[in-house]
1. Among Y162, Y151, what's the order by accessible area (1.4 angstrom probe), most exposed first?
2. Given the Cα-Cα distance of V95 and Q81 and 0.36 nm per residue of separation, how much length would full extension add, in nm?
Amino acid sequence: MVSFLAVAKPLVRALPQPFPPLVRQRLSRCLSSAAAQGSSPSPNAGTARLPEALEERVSQALEGMRRSGTFKTERIITTPQSSSIKVQNDSDKPVLNFCANNYLGLADRPEVIQRADEYLHKWGNGLSSVRFICGTQSIHKELEAQISDFYGTAYPRDTILY
């Protein structure tokens with residue numbers, strides 16, 4: 001079994017130069033400290049484990065975030081995005097959702113879902129990269145032209161989707 005230190009030390013040395021020197025220094029210090037202490041065996045044989053010094057620092061930082069109220073837990077939404085949603089917790093009450101980008105309430109409209117399904121089957125699930133790397137699909141150029149036409153001659157500029 002390969003030790004965590006055997007893998008981590010070369011990774012820290014291989015960090016790109018623009019990587020903040022203080023972070024490189026602290027990681028190296030943690031790894032050196034763990035090597036000096038000897039890495040304790042993992043309670044689950046065969047699984048990787050952080051060096052104790054690094055694990056302790058991370059635990060302290062997370063606890064400080066919890067105490068100060070800045071620790072964010074993941075909210076698991078169990079309904080479609082809308083202004084009122086349900087989240088996975090002890091209660092089944094609806095929750096007001098002020099943080100979605102669904103300003104017009106279109107995300108769960110049956111007409112929008114049906115149209116999106118049609119385009120998904122025709123065009124697939126997007127380009128899988130930015131347009132400047134893999135190209136622009138004709139459907140995007142058509143939409144850009146429609147948007148430009150909508151604004152008319154008052155804004156004689158091209159439209160670019162992002």
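The values are calculated or read from the model by the stated rules, or taken from the named source; none is laboratory data. Owing to the predicted nature of the structure, the values given are computational and were not obtained by experimental measurement. SASA here: full protein model, heavy atoms, side chains in, ligands and nucleic acids out. Shrake-Rupley method; radii C 1.70, N 1.55, O 1.52, S 1.80 Å.
1. Ranked from most to least accessible, the order is Y162, Y151.
2. Length difference between fully extended and current span is 3.9 nm.
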